[in-house]
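J.: After the structure tokens below, expect a handful of questions from me.
The values are calculated or read from the model by the stated rules, or taken from the named source; none is laboratory data. All figures in this text were calculated on a predicted structure; none of them were measured in a lab. A quick note on method: Cβ atoms are made from the backbone with ideal geometry, for glycine too, and the neighbour counts reach across all protein chains shown. Protein only, heavy atoms only, side chains kept; ligands, DNA and RNA dropped before computing areas. Shrake-Rupley method; radii C 1.70, N 1.55, O 1.52, S 1.80 Å.
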Amino acid sequence: QVQLLESGGGLVQAGASLRLACAISGRDLSSYTMAWFRQSFGKGREFVAGTRWTGGSAAIPDSVKGRFTISRDNAKNTVALEINSLKPEDTAVYYCAARQGRTIFSDDGRYEYWGQGTQVTVSS
């Protein structure tokens with residue numbers, strides 16, 4: 001079993017930066033892939049970043065490329081999402097997710113473990 005706990009959300013102004021963190025507990029993560037998704041009111045979950053626990057290239061969709069960065073700290077068992085130049089349309093609940101396997105999928109149905117989410121609200 002893997003437990004995920006997000007933190008770092010809040011109310012920020014447009015143009016600001018924010019760093020979200022996901023604390024991970026549970027089993028050996030060496031075969032796992034981690035991802036961040038977001039969900040705006042009335043919409044489905046949107047993939048915004050993914051990385052393999054053992055390294056390699058991260059996956060960032062074109063819609064947020066250049067503003068979103070995913071990183072991991074293997075020693076601390078955390079994964080972070082840094083968001084720069086925040087826009088009102090970035091307002092959403094941001095979720096950390098994990099799946100066993102080394103393929104980064106953008107489909108949320110591929111991920112077995114989810115955190116509770118952290119709210120990010122961007123004011124204009």
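J.: Quick check: is even one residue across region 34-46 over 19 Å from D73 (Cα atoms), of a type in the set (D, E) and surrounded by fewer than 20 Cβ atoms within 10 Å (Cβ to Cβ)?
T.: yes
J.: Here is a list: L20, L86, L81, L29. Which entry is over 17 Å from G115 (Cβ atoms), open to solvent by less than 30 Å² (accessible area, probe 1.4 Å) and in contact (Cβ under 8 Å) with a residue 40 or more places away in the chain?
T.: Checking each option against the conditions leaves just L86.
J.: Given (1) within 9 Å of the chain's Cα centre (by Cα); (2) open to solvent by 30 Å² or more (accessible area, probe 1.4 Å), where does A49 come up short, assuming only one miss?
T.: Just one mismatch for A49, condition (2).
J.: Would you please name the residue that is most open to solvent (accessible area, probe 1.4 Å), looking only at residues in region 93-110 that are closer than 18 Å to K43 by Cβ and within 12 Å of the chain's Cα centre (by Cα)? Working first, answer last.
T.: Let us first name the residues in region 93-110 that are closer than 18 Å to K43 by Cβ, namely 93-95, 97, 106-109.
In the following step, the residues that additionally are within 12 Å of the chain's Cα centre (by Cα) were identified as 93-95, 97, 106, 108.
Values: V93: 37, Y94: 0, Y95: 33, A97: 0, S106: 80, D108: 53 Å².
Top of the filtered list is S106.
J.: Quick check on G66: is it open to solvent by 70 Å² or more (accessible area, probe 1.4 Å), part of a loop (DSSP other than H, G, I, E, B), small (G, A, S) and closer than 20 Å to W114 by Cα? Don't jump to the end; show me each part of the working.
T.: Numbers: open to solvent by 70 Å² or more (accessible area, probe 1.4 Å): yes; part of a loop (DSSP other than H, G, I, E, B): yes; small (G, A, S): yes; closer than 20 Å to W114 by Cα: no.
Taking the combined requirement at face value, the residue does not satisfy it.
J.: Condition check: within 17 Å of Y111 (Cα to Cα), in contact with a strand residue (DSSP E or B) (Cβ under 7 Å, 6 or more places away or on another chain), free of Cβ contacts under 8 Å to residues at least 40 places away in the same chain and among the β-branched types (V, I, T). Does I60 satisfy that? Let's see the steps before the verdict.
T.: Numbers: within 17 Å of Y111 (Cα to Cα): yes; in contact with a strand residue (DSSP E or B) (Cβ under 7 Å, 6 or more places away or on another chain): yes; free of Cβ contacts under 8 Å to residues at least 40 places away in the same chain: yes; among the β-branched types (V, I, T): yes.
Yes: the conditions hold for I60.
J.: Could you run through region 69-78 and say how many residues are surrounded by 13 or more Cβ atoms within 10 Å (Cβ to Cβ) and part of a strand (DSSP E or B)?
T.: Total meeting the criteria: 5.
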